[in-house]
Amino acid sequence: MSRSGRKFDWLGVLVVVLAVVLSAVIGFAVDQLGLLAILAVPAALMFIGAIGKPELGLAGFLIITYTQLSNVGIVYHGLPSMAQPLAGLLIIVILIRMAVYGERPLGWVRAGLFLLVYAISWLISLLHAEDSLLANDAFIGFTKDALGMLIVVYFIQHQGSLRRAVWALIAAGILMGTISAIQYLTSDFNNIYWGFGGWEQQVSGAVERHRLTGPYANPNAYAQVLCVLAPLALDRIWHERNIWLRVVAAWALAVIVLTIFFTFSRGGFLSLVFGVAILLTQRRFNFIPVVVTFVVGLMLIQFLPASYADRINSLFQLVPSSNDQVVDTSFRGRLSENTVAIRMFQDNPILGVGLGNYRFNYQDYSRNLGIDDRREPRSPASLYLELLAEQGMVGVLIFGALMIYIFLGLLRARRHFVLAGLRDESYIAAAIFAGLGAYMFEAIFKNSAYSNVFWILVGVALAAIQVAQASFDAVTEEHDGILRQSV
């Protein structure tokens, strides 16, 4: 028997031991704490599975984060947080795999440098803030989000894990979108659907609307995260080789687009159009996919609410006119919030007012402005103005550099995948580019709420860039080796 054949399977033994220990711990917990401890069972199984198949842990992490499953469990079912323990388990998995397999993850150095510089800017902003408690909360939130991003970067190490990550995001869209579409089409607003059936009532003149929020507390935030998934699902309809996966992608696209409509989010509608347009511009014209997409769009339009057109037409109130004025109350509120953000920046152009301190200072500026009669703390209606107000030019320049690197990197990733002979992965990179572009377009009208989703998307994008680079380098090295042998 060869030396390799006699090699002891330490990882197998470790998994067995962990399974036995975790089983004993779970049994003891159920006996002492009751059935609530049963929640430990899927976590334990995911932990054990993630050691051998990291994609399992990554898929669970992405779905839990994107669907806000942990928050749903806390708010609606009184359960403890799932996201933080899962993140901790995945970190343990990372350490085990690095020790057992000697894995050295792709892209951590470059991603870590960006995070380090960005974290320094946040730390400076924290020290500069007038209300240190708000600033500390914001900094702790950023630290958690950054950790989640690094977990994603670690677990996406090759083309297969990148594809599975994309499908995990699409699966999250199917879960949320299917529930929301059924809820709205059946007018079942008395059912919370286990916490995924959120909505808010809006009265505008004689029109009353139910705006879906899903597991998010805000319809605009819900539309924003769904806009990212539409280009991913559309791309899989066009390019997925498995016919059944194409059917699943079509299901995802239908419920995602319908749910965006049912949020009545004007920014969400514009971002959806923007994301699909970016995806179309990145590929050569192909008659059949475009026709199919157009036909599906016509079918979905049949489900539009009667007042949806009026909602979209209200956007024209923002077009300058000598005869019209802004009458939409939400526009007036956003005008006040954004004007205040600009004035805060003008007063503190270098470092801003400090992390999380826009809310602390809003009323002082708002009373002098006289547009908004609300007397509670508010947040800016734009991520970019929020950055200007709270972190000044320093924060904006660093954030801008990060986003420029990501978008240019995704364009470069497309070329690298093509040169490596991985055309389908190049389409995936284009879809990630379009989805993230839709998110950043919506950020014009939406602040940094639910930033954990944003950093998860950043992690997927950075991982795609690194996987493309590694694939290209491998092909180049192989080609050079063949040339050397032939000489």
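Side notes on the structure shown:
- Conditions (1) part of a helix (DSSP H, G or I); (2) under 16 Å from residue 263 (Cβ atoms); (3) out of contact with any strand residue (DSSP E or B) (no Cβ under 8 Å at 6 or more places or on another chain): number failed by residue 216: (1)
- For region 77-116, a residue qualifies if it is surrounded by 12 or more Cβ atoms within 10 Å (Cβ to Cβ), within 28 Å of residue 158 (Cβ to Cβ) and either at pLDDT 80 or above or not aliphatic (A, V, I, L, M) (or both), and the qualifying residues are 84, 85, 88, 97, 103, 105, 107, 108, 110, 112, 114.
- For region 246-277, filtered to residues that are free of Cβ contacts under 8 Å to residues at least 24 places away in the same chain and open to solvent by 50 Å² or more (accessible area, probe 1.4 Å), the residue that is nearest to the chain's Cα centre (by Cα) is 273.
- Test for residue 194: is it closer than 30 Å to residue 55 by Cβ, open to solvent by 40 Å² or more (accessible area, probe 1.4 Å), in contact with a Phe, Trp or Tyr (Cβ under 8 Å, 6 or more places away or on another chain) and in contact (Cβ under 8 Å) with a residue 24 or more places away in the chain: yes
- Yes/no for residue 300 being touching a Phe, Trp or Tyr at 6+ places or on another chain (Cβ under 7 Å), among the hydrophobic types (A, V, I, L, M, F, W, C) and open to solvent by less than 20 Å² (accessible area, probe 1.4 Å): no
- From the list 211, 163, the lone residue that is surrounded by 20 or more Cβ atoms within 10 Å (Cβ to Cβ), under 24 Å from the mean Cα position of the chain (by Cα), modelled with pLDDT of 85 or more and basic (Lys, Arg) is 211.
- For region 424-449, the set of residues classified as open to solvent by 10 Å² or more (accessible area, probe 1.4 Å) and not in a helix (DSSP H, G or I) consists of 444, 445, 446, 447, 448, 449, listed by residue number.
- Given (1) closer than 21 Å to residue 237 by Cα; (2) assigned to a helix (DSSP H, G or I), number of the condition residue 452 does not satisfy: (1)
- Residue 347 satisfies every condition listed in (1) free of Cβ contacts under 8 Å to residues at least 12 places away in the same chain; (2) under 27 Å from the mean Cα position of the chain (by Cα) except (2).
- Close Cβ contacts (under 8 Å, 6 or more residues apart or on different chains) running from residues in region 147-175 that are of a type in the set (Lys, Arg) to residues that are modelled with pLDDT under 90 and open to solvent by less than 40 Å² (accessible area, probe 1.4 Å) comprise 164/55; 164/58; 164/59.
- No other residue among 186, 178, 143 is at pLDDT 95 or above and surrounded by fewer than 21 Cβ atoms within 10 Å (Cβ to Cβ) apart from 178.
- Given (1) modelled with pLDDT under 65; (2) in a loop (DSSP other than H, G, I, E, B), index of the condition residue 314 fails: (2)
The values are calculated or read from the model by the stated rules, or taken from the named source; none is laboratory data. All of these numbers come straight from a predicted model, not from anything done at the bench. Every residue, glycine among them, receives a Cβ derived from its backbone with ideal geometry; neighbour counts consider all protein chains shown. All accessible areas refer to the heavy atoms of the entire protein, side chains included, with ligands and DNA or RNA removed. Shrake-Rupley method; radii C 1.70, N 1.55, O 1.52, S 1.80 Å.
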